[in-house]
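FYI, it's all coordinate maths here, none of it is from the lab. This is a predicted model, so every value here is computed, not measured. Virtual Cβ from ideal backbone geometry, glycine too; neighbours counted across all protein chains shown.
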Amino acid sequence: MKYTTLPHTNIKVSKICLGTMTFGNQNTEAEAHQQLDLALDKGVNFIDTAELYPVPANAERSGKTSTIIGTWLKKPGNRDNVIVASKIAGGGDYTAHIRTTGFTVAIKEAIEKELKRLQTDYIDVYQLHWPERNTNRFGIRDYKHDAAWEDNFNEILHSLDKEIKAGHIRHVGISNENSWGTMRYLEEHKQHNLPRMITLQNAYSLLCRSFETDLAEVSMRENIGLLAYSPLAFGVLSGKYVKGDAPENSRLKLFPRFARYSSDQSTEATKQYLKVAEHNGLSLTQMALAFVNQQPFVTSNIIGATNLKQLEENIDSINITLSDAVLEQIDAIHKSIPNPAT
C-alpha cells in the first residue's frame, strides 16, 4: 500500500480508501465485515461513510451503513487502526427523511447520531455531503443562479468549530462542491480563524475529469486534497457492461436510474478505454483506478465493491503505474470525447 498525509495534518492515510455505500443494501453485515477485514489486511486504513448510506437512500435503511461499520469498529483494535470519514447529508427532497433543516442547526445532532451508529467517540474527517445552495453537482451542467440562497459559510464553520473543540470531530471537508464554494470556505477560515476544509470529495474518473479544470488548481495551490469517488463510474469502467457480462446483481442492473455514466458518449469512451487497457495487458479496472491513483491532486481514491474478488483487484491497482505511452493514449480519447459524464 502507498500512503499520503491528509493536508494540514499529520494523519497518514492509505492512497486507497474503502467506500462503503453498498453496506446494508447490496452487502450484508457479514459481507461488509469481510470487506473491512480484507482491506485492513492489505494496508487500507481509510474508511468513508455517510449518514445517508446505503445508496439508494431511503428512510428504512438510512444510517445502516455506519451502524454496520460501528459493529466492526467495536472489535478489539480496529478503531485504533483506521481513519474514519463521514458526511452530513445536504438538503432537498432526496434527504427529507433525514431532516428538513440546514447544516448550521443540524450539525450537532447529526454528529451525535453518527457517533452512536459508529460506536466511536470521534470522527476523523467530517464532510458536508453537498452544498445547501442549488448549484452544479452530481453531473449537472449549465449553472442557474439561486437568488434566494443567503451566504452562511461563516455560520456553518462556527457550528463545525464547536464540534471540533468538543472532541467529536478532528477535521472537516466538503463534497460535491465547486471552486467558488471551496474558496469561500477557505476565505472564512483565513479571515476568522475558523476550521479549514482539508479535503474535497468529488467524482473523478476517466469519464469525469472536470475536476482538472479550476478545481485542480484550487486543490494544488490551496493544498486541499481530492478524495476521488466513483473512480469506476458505478462499475462502468470495469468494462462489464460494454462486454455484456455484468451479473444480474450488478449496480446498474439493480438501480438503472443511476445513469450518469451510461450515455452514448460514455459508452463509446468506455469501449475505447477498454481497447487501450487490453492492448497494454491491463484490465480496464486496473487502468481506470491506476489513472486516478497517479494524479497529483488526489489524496485518496475511494473504491467500492460488492464482493471480495472485486475488492482485491481494486486495492491491488495501487501496485500499477501507467507508462507515459498509456497516459498519452488515454488523453487522446479524452480529447476526442471530453468528460462525457460531467
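Structure above, values below:
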{"quantity": "Gyration tensor (alpha-carbon) shape descriptor, segment 241-337, a/c threshold 1.5", "calculated": "oblate"}
{"quantity": "Hydrodynamic radius of segment 187-240 per Kirkwood, over alpha carbon pairs, in Å", "calculated": "12.6 Å"}
{"quantity": "DSSP beta bridges in segment 88-214 [antiparallel fraction, %, rounded to 5]", "calculated": "10 percent"}
{"quantity": "Rounded to whole Hz, the Karplus (6.51, -1.76, 1.60) HN-Hα couplings of segment 230-242, x for glycine and proline", "calculated": "6, x, 9, 6, 6, x, 4, 7, 7, x, 5, 7, 6"}
{"quantity": "Gaussian network model of the chain, Cα within-10 Å springs - most flexible of 114, 177, 212", "calculated": "212"}
{"quantity": "Reachable aspartates and glutamates from residue 113, criterion Cα separation under 12 angstrom, eight or more residues apart if same chain", "calculated": "51, 121"}
{"quantity": "Antiparallel bridge percentage (DSSP; both residues within the chain; nearest 5)", "calculated": "10 percent"}
{"quantity": "Gained length - residue 108 relative to residue 94, 0.36 nm times residue gap less alpha-carbon distance", "calculated": "2.9 nm"}
{"quantity": "Per principal axis, descending, Cα span of segment 78-187 in whole Å", "calculated": "44, 32, 25"}
{"quantity": "24 Å Cα cut-off, lysine pairs counted over segment 1-73 (separation 8 or more, or different chains)", "calculated": "5"}
{"quantity": "Residue 13 long-range amide H proximity, modeled H, under 5 Å", "calculated": "4, 5, 6"}
{"quantity": "Scattering curve values for segment 1-89, log₁₀ I(q)/I(0), Debye with Cα scatterers, q = 0.22, 0.26 Å⁻¹", "calculated": "-1.07, -1.33"}
{"quantity": "Potential extension, residue 134-residue 101 segment - 0.36 nm per residue separation minus Cα distance", "calculated": "10.4 nm"}
{"quantity": "Cα-based reach from residue 275 at 22 Å (exclusive), listing lysines while leaving out same-chain residues under 8 positions away", "calculated": "240, 243, 335"}
{"quantity": "Quarter of Cα convex hull surface for the chain, i.e. mean projection, nm²", "calculated": "16.3 nm²"}
{"quantity": "Under Karplus coefficients 6.51, -1.76 and 1.60, residue-wise ³J(HN,Hα) of segment 309-326 in Hz, glycine/proline x", "calculated": "5, 4, 4, 5, 4, 5, 5, 5, 4, 5, 8, 10, 10, 6, 6, 4, 5, 5"}
{"quantity": "Within segment 256-287: backbone nitrogen closer than 11 Å to the residue 324 label point (7 Å, Cα to C-beta)", "calculated": "none"}
